[in-house]
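Below: the structure, in structure tokens.
The values are calculated or read from the model by the stated rules, or taken from the named source; none is laboratory data. Computed from a prediction, not measured in an experiment: that's the story for all the values here. Neighbour counts run over all protein chains shown; Cβ positions are idealised from the backbone, glycine included. What goes into the accessible areas is simple: the full protein's heavy atoms, side chains included, and nothing from ligands, DNA or RNA. Shrake-Rupley method; radii C 1.70, N 1.55, O 1.52, S 1.80 Å.
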Amino acid sequence: MSNSALAANLHLVRARIAAACAAVGRMPSEVKLIAVTKTIPVPVMMDAVRLGITRFGESRLQEAVLKTPLIQGDVEWHFIGSLQSNKARKIAMLFDAIHSVDSPHQLPEIAKAGRPVDVCIQVNIANEPQKSGVAPDSLDALVAEVLNYPNIHLRGLMTIGPEVSDPEDMRPWFRKMRELLNQVPHGTWLSMGMTHDFDVAIQEGATHIRVGRALFGDR
Ligand SMILES: *Cc1c(COP(=O)(O)O)cnc(C)c1O
């Protein structure tokens, strides 16, 4: 995609963030934009950095291993994909933050990286079968497990949520996420909202939105 198309998309995304914040009296600086770059080539990502993007979200270790050494500049890497235990150590070595912790088995592997890493627990907020994330009822138990690891810094919660055609239908789920955040000691991160629903997510308290298509077009 061209640099000017990306610049225009970024402008629109920032306008949506500003409007959603204005609607509920929040400051746009409270909302961190994570540019989701799975399948997006490195030159486009370098354009994104030049346009002011400072956080990338990737969902596959293999892809990130190739990309991270090629991107210059002060950027944060956020892992947002499903977290296989056998890859968790390498993911924790490469990424600044992992949004998708959902099992106690991942924790010793993350700890083996031997460096501090920010994590969110992914919540299957609507209890959908076959979906990643811990059930809301099991959140307390996983929080207690994570707190056993001094290098694993539990920042908050992440959700993807059910697929709905009207983003308004996500509001009750996002609201539940904000309530669940009270179960995370010192939890401040709410990673929720994607291209089609980040406006509603911001209105309901999202601190990290993960946006791919609105920036880079359809994958
Ligand atoms: C792909 C992906 C996104 C971005 O979705 P878009 O609809 O492209 O904005 C956000 N979060 C996760 C976990 C993803 O896998």
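Here are the numbers:
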quantity	calculated
When segment 107-188 is reduced to its Cα atoms, the Kirkwood hydrodynamic radius in Å	13.6
Two-decimal Rg to Rh for the chain - Kirkwood Rh, Cα set	0.95
Size-normalised alpha-carbon gyration radius of segment 118-158, reference 2.2 N^0.38 Å	1.17
In nm, spacing of pseudo-spin labels at HIS196 and GLU179 (7 Å Cα→C-beta vector)	2.5
Euclidean distance of C-alpha centroids, segment 131-206 and segment 66-126, integer Å	16
Per-peptide average of other Cβ atoms within 10 Å, ordering 144-151, 174-181 highest first	174-181, 144-151
Accessible solvent surface per residue of the chain, calculated while the other protein chains remain in place, 1.4 angstrom probe, Å²	47
Pairwise label distance in nanometres, SER85 with ALA23, each label 7 Å out on the Cα-Cβ vector	4.2
Derived scalar couplings ³J(HN,Hα) [segment 96-104; Karplus, 6.51 cos²θ - 1.76 cosθ + 1.60; whole Hz; x for Gly, Pro]	7, 9, 10, 8, 10, 6, 9, 8, x
Label-point separation, ARG14 to VAL49 (7 Å along Cα→Cβ), nm	1.9
Full-extension gain in nm, HIS186 to ALA135, via 0.36 nm per residue minus C-alpha separation	16.3 nm
Pairs of Cα atoms farther than 14 Å apart, segment 1-88, %	68
Residue-by-residue Karplus 3J(HN,Hα) for segment 186-201, coefficients 6.51, -1.76, 1.60, Hz, glycine and proline x	6, x, 10, 8, 10, 8, 7, x, 10, 3, 8, 9, 5, 4, 5, 4
Accessible surface of segment 148-219, 1.4 Å probe, proportion on carbon and sulfur as whole %	47
